[in-house]
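Take a look at the structure below.
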Amino acid sequence: MKHSEVGNLMSGDVVSVVPATPFKDVAKQLAEHDISGVPVVDEEDRVVGVISETDLLVHQVSAGGSGRTGARPDRRVLPVGGSGDAPTAQQLMSVPAVTVHADDTVAEAARTMLRQGVERLPVVDEEGRLVGIVTRRDLLTVFLRPDREIRRRVIEEVLVDTLGLAPDAVDVHVLDGAVTLTGVLQEQKEILVLRRLVEQMDGVVSVTDRLTARTADAPITASGPASQDLPAK
């Protein structure tokens, strides 16, 4: 089975700033491009942090730079200097930057976004260099797949091509991306594999299985293969 990857959805035209970019210039970039955040990159294009609208607002409401209350508790924001200092991107950015790779699946990127509470993710290569950006809107296009297409792919790609089962071995019902599997398979492990494969499919929101196994799986023992007698010398 093939899953949609981040690299197929990301935008390669990325607005970014450098650590020395002043506060006002960062705010100007967000406003001009109508975006909610920008990655901060070093001289080698490696992502060293991310600045969001929240980070800028937190700075604005912090009286005299005395605190950064209101910042997301799971992110570390570098402290800003005295109230007379003009803050830079390096002082405002949240670190470490939450990133993904181009070969990550859409489902993995979506889980990262939800877990971290962010709306956009910088896409980096193996060296941590910026290669693109992916947003929640980009990912949502995958989850808007028609129910009929999801059902067809479950039957053809999972049941038939991957598991080698008959197309009618399991009844597949899909409603608004929620998949229900009903039927009888030979072993319990087949049920577990089927469910896991369907959960990983693009466009699937949830999976409910009403499957039963004809036979119980054989217990797995720790013993290795039987020893063979060595030929007499």
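Taken together, the values in this text are just the output of simple stated rules run on the coordinates, not laboratory data. Note that this is a predicted model, so its numbers are computed, not measured. Glycine also receives a Cβ, built like all others from the backbone with ideal geometry; neighbour counts cover every protein chain displayed.
Note on ASN8 and GLU119: the model spin-label points, each 7 Å out from Cα along the C-beta direction, lie 2.6 nm apart. Taking label points 7 Å from Cα along the Cα-to-Cβ direction, THR99 and ARG148 give a separation of 4.3 nm. Here the simple spin-label model places points 7 Å from the Cα toward Cβ, and for ARG195 and ALA20 these points are separated by 5.7 nm.
Sequence gap at least 6, Cα distance under 8 Å: using those rules, report the relative contact order of region 110-175 to the nearest whole percent.
Numbers: 47 pairs, mean separation 13.5, N = 66.
Contact order relative to length: 20 percent.
Centre-to-centre separation between the Cα atoms of region 149-196 and those of region 5-68: 43 Å.
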